[in-house]
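The values are calculated or read from the model by the stated rules, or taken from the named source; none is laboratory data. Just so it is clear, the model here is predicted, and its values are computed rather than measured. Please note: Cβ atoms are built from the backbone with ideal geometry, for glycine as well, and neighbour counts cover all protein chains shown. All accessible areas refer to the heavy atoms of the entire protein, side chains included, with ligands and DNA or RNA removed. Shrake-Rupley method; radii C 1.70, N 1.55, O 1.52, S 1.80 Å.
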Amino acid sequence: MMDNARVQILLSTWNGERWLPELLASLEKQTFQDWQLLVRDDGSTDQTLRILLKWQAAHPDKLAGLLLDGSHLGSKLSFSRLVEASTAPCLMFCDQDDVWFPEKVELQYTALRRLEGQYGEATPLLVHSDLVVVDEARAIQAVSFWDYRDFEVAQRKQAYLLNNVVTGCATAFNRAAAELAFPVPLYALEHDRWLALVCAWFGQIQALPHPLLLYRQHDENAIGAEPATVNGLSTRVDG
């Protein structure tokens with residue numbers, strides 16, 4: 001097993017057999033390869049674990065750990081457990097049904113290191129990117145999730161109290177952010193929203209203006225990608 005990877009990709013799985021092979025294949029194609037996958041399964045009853053174990057056998061140096069406590073905690077607490085178990089200086093949330101572009105890890109890691117050079121490793125730092133919204137079959141629904149949701153990604157820190165513009169699966173964050181924001185408080189709405197709020201108020205957030213993954217939408221999404229308005233009513237508060 002590769003020791004002390006610079007990036008740990010935090011993947012929470014739950015009955016993801018339909019999507020996992022495509023996600024794992026996209027991770028294998030990353031241009032930056034100093035990463036490991038840290039997985040927590042949230043109580044799957046399908047073939048998810050078999051897929052993960054088969055992938056581990058084929059890539060023994062790439063799996064940092066597989067957390068199997070059997071509990072179904074939901075995405076917020078499952079990702080919180082993953083952050084608590086992580087050790088790398090750079091962490092990235094990962095959803096089982098997405099497809100990463102080959103340059104995602106490299107560009108986000110490079111941007112995060114540049115921020116650390118500017119603000120110091122003790123400052124909570126977060127980098128996030130735009131996303132391409134696709135359907136189950138990967139047909140494009142929106143080339144920019146930010147435009148689709150009418151996000152103002154350069155919003156002031158006070159705005160994060162109401163509007164979250166950071167999507168978990170499109171983020172990279174440093175160890176200082178992980179230690180300050182996690183474990184996530186029980187009253188927090190979502191792990192990514194809480195992390196963004198903490199970094200906005202106590203650190204720095206940088207938005208990378210180009211999409212770095214396919215954000216798949218289907219009936220089983222924990223949180224979907226709704227447009228900025230539905231029947232004339234704003235949906236922005238949930239970000």
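Quick notes on this one:
- Top-ranked residue in segment 92-109 [being in a helix (DSSP H, G or I) and buried (at least 20 other Cβ atoms within 10 Å of the Cβ); ranked as farthest from the chain's Cα centre (by Cα)]: Tyr109
- When the residues of segment 44-91 are filtered to those that are assigned to a loop (DSSP other than H, G, I, E, B) and touching a Leu at 6+ places or on another chain (Cβ under 8 Å), the one that is modelled with the lowest pLDDT is Leu68.
- Unmet requirement for Trp194, which otherwise passes all of (1) touching a strand residue (DSSP E or B) at 6+ places or on another chain (Cβ under 8 Å); (2) assigned to a helix (DSSP H, G or I): (1)
- Among residues of segment 59-86, those that are within 18 Å of His191 (Cβ to Cβ), more than 16 Å from the chain's Cα centre (by Cα) and open to solvent by 60 Å² or more (accessible area, probe 1.4 Å), counted: 2
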